[in-house]
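None of the figures in this text is laboratory data; all of them are computed from the coordinates on show. What you see is a predicted model, and the numbers here were worked out from it, not measured in a lab. Glycine also receives a Cβ, built like all others from the backbone with ideal geometry; neighbour counts cover every protein chain displayed.
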Amino acid sequence: MANVGDKVPSATLRYMSPEGPKAMTTEELFAPGRKVVAFALPGAFTPTCSAKHVPGFLANHDAIKTKGVDTIACISVNDPFVMGAWAKDQGTGDKIMMLGDGNGDFTEAMGLALDASRNGLGRRSQRYAMVVEDGTITGLFVEKPGAFEVSTAEAVLKGL
């Protein structure tokens, strides 16, 4: 599993732009000179993710940005079409970058994959949040299975 002090692993994520799906590498997202708060969750349109996780980061957007954060990103093992639809549903606008890790490559490289296949959900991401400065993880908040405490926007804000 990734740890504080590690460089963010190299992977390509995808998002919906007005022109369609676009690729963004982790090297671009977490580039030197940038401070990024990223949170990952098991899936778009799922109960806790839709009712609490994304809305919490939306509600705390301004407070997080005042801490010098350049970008807030949500990462899920979903395709960019689903992430785009979820962004519209959640009203994230330009406040949260909704990134799909369709094949789970980034999630696997982080060592934070979750096998939810017994529930028919396949490989997903564990719920976590991280602060990345200059491509290095400076804060990592991984939830225990079923919990929603340490990766909330409020918890991350306190850690900034």
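Over the stretch 12-159, what is the percentage of antiparallel beta bridges among all DSSP beta bridges, to the nearest 5?
In the stretch 12-159, DSSP labels about 70 percent of beta bridges as antiparallel.
Report, in listed order, any pair from 88/158; 22/144; 52/144 with a Cα-Cα distance greater than 26 Å.
With Cα atoms farther than 26 Å apart: 88/158; 22/144.
Can you list the aspartates and glutamates whose alpha carbon is less than 20 Å from that of residue 65, not counting same-chain residues fewer than 8 positions off?
Result set, ordered by chain and number: 28, 94, 133, 134, 154.
So for each of 152-160, 111-119 I average, over its residues, the number of other beta carbons within 10 Å; can you give me the resulting order with the highest mean first?
152-160, 111-119
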